[in-house]
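The values are calculated or read from the model by the stated rules, or taken from the named source; none is laboratory data. All figures in this text were calculated on a predicted structure; none of them were measured in a lab. Don't worry about glycine lacking a Cβ; one is built from the backbone with ideal geometry, like all the others, and counts go over all protein chains shown.
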Amino acid sequence: MVYMGIAIAALVLLVVLLIEHSIMQRAENPDFAGKVFLEIIGFTTLEVVNWSVWLALLSNTSSLFSMTSLLASAYFFVGFYIEHQITENVITQQPFLHFRNARGVITAGVILETLSEGVGARLWISYGLAGMGPVAIIFPVESQTTARVPA
């Protein structure tokens with residue numbers, strides 16, 4: 001029965017993220033068409049897979065510095081860096097798998113966003129496990145608000 005709950009949680013996350021990403025895309029590019037929506041489905045699915053794998057890796061972690069925890073952190077950074085860069089590409093109408101900006105350098109903003117989301121997610125899990133429910137609910141809302149402020 002628990003495994004069915006995981007599938008339902010992933011499906012709910014997919015629907016909510018599709019709505020969020022579509023709203024974000026519409027704000028940046030009101031005329032987006034079917035191809036862009038397919039790209040949104042692509043990077044949103046990647047985000048759901050990333051969250052699911054990361055949480056599965058963390059479920060087998062005994063401490064913050066265990067090998068599994070370090071593997072989860074590495075997976076988080078690589079997986080979410082790719083997802084965040086694809087998201088940025090779709091929003092700015094760049095090629096889908098384009099990992100360098102016009103000057104040929106990796107985008108520092110995407111790296112910073114990925115690092116801050118990783119730290120925030122880990123703190124969120126830690127606060128939730130420590131019984132600090134309200135903080136575990138407020139923190140993601142606050143971090144999503146600050147992540148959307150243009151640089």
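Note on the stretch 23-68: among residues that are of a type in the set (D, E, K, R), assigned to a helix (DSSP H, G or I) and exposed (fewer than 15 other Cβ atoms within 10 Å of the Cβ), the one that is modelled with the highest pLDDT is Arg26.
Go through the stretch 58-81 residue by residue and tally those that are of a type in the set (A, V, I, L, M, F, W, C) and farther than 16 Å from Glu117 by Cβ.
Narrowing the stretch 58-81 to residues of a type in the set (A, V, I, L, M, F, W, C): 58, 64-65, 67, 70-72, 74, 76-78, 80.
Checking the rest, the ones that are also farther than 16 Å from Glu117 by Cβ come to 64-65, 67, 70-71.
Final tally of qualifying residues: 5.
Report yes if Val90 is hydrophobic (A, V, I, L, M, F, W, C) and under 18 Å from Ala121 (Cβ atoms), otherwise no. Considered against the rule, which asks whether it is hydrophobic (A, V, I, L, M, F, W, C) and under 18 Å from Ala121 (Cβ atoms), Val90 comes out as no.
Screening Tyr127 against (1) of a type outside the set (A, V, I, L, M, F, W, C); (2) surrounded by fewer than 18 Cβ atoms within 10 Å (Cβ to Cβ); (3) modelled with pLDDT of 80 or more leaves a single unmet condition, (3). Among all residues of the stretch 71-91, there is at least one that is touching a Pro at 6+ places or on another chain (Cβ under 8 Å), at pLDDT below 85, under 18 Å from Gly109 (Cβ atoms) and in a helix (DSSP H, G or I).
On the basis of being touching a helix residue (DSSP H, G or I) at 6+ places or on another chain (Cβ under 7 Å), farther than 17 Å from Gly118 by Cα and of a type in the set (A, V, I, L, M), does Val48 make the cut?
Details: touching a helix residue (DSSP H, G or I) at 6+ places or on another chain (Cβ under 7 Å): yes; farther than 17 Å from Gly118 by Cα: no; of a type in the set (A, V, I, L, M): yes.
The answer is no for Val48.
Can you give me the number of residues within the stretch 74-90 that are in contact (Cβ under 8 Å) with a residue 40 or more places away in the chain and surrounded by fewer than 18 Cβ atoms within 10 Å (Cβ to Cβ)? Don't jump to the end; show me each part of the working.
The first filter runs over the stretch 74-90 and keeps only residues in contact (Cβ under 8 Å) with a residue 40 or more places away in the chain, leaving 76-77, 83, 86-87, 90.
Remaining after also requiring surrounded by fewer than 18 Cβ atoms within 10 Å (Cβ to Cβ): 77.
The qualifying residues number 1.
The single condition among (1) at pLDDT 80 or above; (2) surrounded by 16 or more Cβ atoms within 10 Å (Cβ to Cβ) that Glu20 does not satisfy is (2).
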